[in-house]
């Protein structure tokens, strides 16, 4: 007979897997990260609880990282054009506007400490240097994996343009490169997991 | 009699504490973080292995985060002036130059999983949301604590100024605010640890 913690593991996993399915149907999950999430969920010892594949974000705030104070004006999970950036900045009346490229973030529940340690090794090997166990509970062990590639910079401060529009093409080229590097890293993690757990793509 | 792993814990701790003392004497440790490091080292179940209190950095690189490729041109563990920033940029012949404000980072070795979990709770309560256990070995458990406040932005791309010098005072004000917020958070962690472990400042 299954142990109690096995049953509660399966129940919790079902809850998160079903929520992901529902959110996927509603178009609320970034497609770039779906294959990785489904791969992790196909493994017995793991499931994902939340994720972001990395994004470009425009926010109204005096300094970055002010949760609660910061107001997100626009976000994209894909490369953007200089025109899109300009249109967003022009449309805003904010006195302080920041541009961010945020790295992927992934929360994975692991069934045991050993499963968590295994995941950390794979994540680090795929270039996710910020990966750690967040806590240890009876029969489950949450791991957080965060990318390190990012941009965080002011576009407008005190109502003044910090970067002139004519420089946007140069800037956006780098912004997109940083975002795409994050997306590549997600693919790398996916491939490393497939290899480690002998998952055949056809079985997913 | 002490167990083997107790002896090896004490030997390892001594190694790191002595190295810190040596580096402190040589002026290689940022003073802002020394009281926190000494507090952690005064606790039986912990010692620090490496740290940075947060810094402002100018680096030559095409995109940030390119370890090995990136060349650090200047760094400060304190607020800077617009003049200092301008002088650094003017003196550089780099075609691509990035300005970063990097958050504090702290590596702490903990004697057990329970000691590590205790440290995570205190770190998160002090606003360090990126804190995790990096691995688990016989008798020691490394924890990484990283701040979240940062700036990462290009000053020069393809040889062109992305931010004009006249905007540096506005920019530097924010740069310094982000750095100082990190330093405050270090103080907050220090105070939270003192409270949690009933450490009297006079005994340090």
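The values are calculated or read from the model by the stated rules, or taken from the named source; none is laboratory data. Everything quoted here is computed from the prediction, not taken from an experiment. As a convention, Cβ positions derive from the backbone with ideal geometry for all residues, glycine included, and neighbour counts pool all protein chains shown.
Before we move on, is residue B:191 modelled with pLDDT under 95, more than 10 Å from every other protein chain (Cβ to nearest Cβ) and over 23 Å from residue B:14 (Cβ atoms)?
So residue B:191 does not fit the description; no.
Out of all the residues in segment B:106-116, which are within 23 Å of residue A:150 (Cα to Cα) and buried (at least 20 other Cβ atoms within 10 Å of the Cβ)?
The one that is within 23 Å of residue A:150 (Cα to Cα) and buried (at least 20 other Cβ atoms within 10 Å of the Cβ): B:106.
Could you list all residues from segment B:135-155 that are out of contact with any helix residue (DSSP H, G or I) (no Cβ under 7 Å at 6 or more places or on another chain) and assigned to a strand (DSSP E or B)?
If the condition is that a residue be out of contact with any helix residue (DSSP H, G or I) (no Cβ under 7 Å at 6 or more places or on another chain) and assigned to a strand (DSSP E or B), then B:137, B:142, B:144, B:146, B:152, B:153 are the ones that fit.
Enumerate the helices (runs of 4 or more DSSP H) found wholly within segment A:1-100, keeping only those where 3 or more residues are touching a residue at least 12 places away in the same chain (Cβ under 8 Å) and within 14 Å of another protein chain (Cβ to nearest Cβ).
Hits in segment A:1-100: none.
It is to be established whether one or more residues within segment B:17-28 are within 30 Å of residue B:97 (Cα to Cα), in contact with a helix residue (DSSP H, G or I) (Cβ under 9 Å, 6 or more places away or on another chain) and surrounded by fewer than 20 Cβ atoms within 10 Å (Cβ to Cβ).
Yes, segment B:17-28 contains at least one residue that is within 30 Å of residue B:97 (Cα to Cα), in contact with a helix residue (DSSP H, G or I) (Cβ under 9 Å, 6 or more places away or on another chain) and surrounded by fewer than 20 Cβ atoms within 10 Å (Cβ to Cβ).
In segment B:135-156, how many are at the interface with another protein chain (Cβ under 7 Å from one of its Cβ atoms), buried (at least 19 other Cβ atoms within 10 Å of the Cβ) and closer than 14 Å to residue B:109 by Cβ?
Total satisfying the criteria: 2.
If you go through segment B:161-182 one residue at a time, do you hit one that is within 11 Å of chain A (Cβ to nearest Cβ), closer than 24 Å to residue B:64 by Cα and in a strand (DSSP E or B)?
Yes, segment B:161-182 has at least one match.
Show the residue pairs meeting these rules: Cβ distance below 7 Å; 6+ apart or different chains; first residue within segment B:161-172 and free of Cβ contacts under 8 Å to residues at least 40 places away in the same chain; second residue part of a helix (DSSP H, G or I) and surrounded by 14 or more Cβ atoms within 10 Å (Cβ to Cβ).
The qualifying pairs are B:162/A:167; B:162/A:170; B:162/A:171; B:163/B:171.
Identify, please: which residue in segment B:117-134 is touching a helix residue (DSSP H, G or I) at 6+ places or on another chain (Cβ under 6 Å) and assigned to a strand (DSSP E or B) and is, among those, surrounded by the fewest Cβ atoms within 10 Å (Cβ to Cβ)?
B:131
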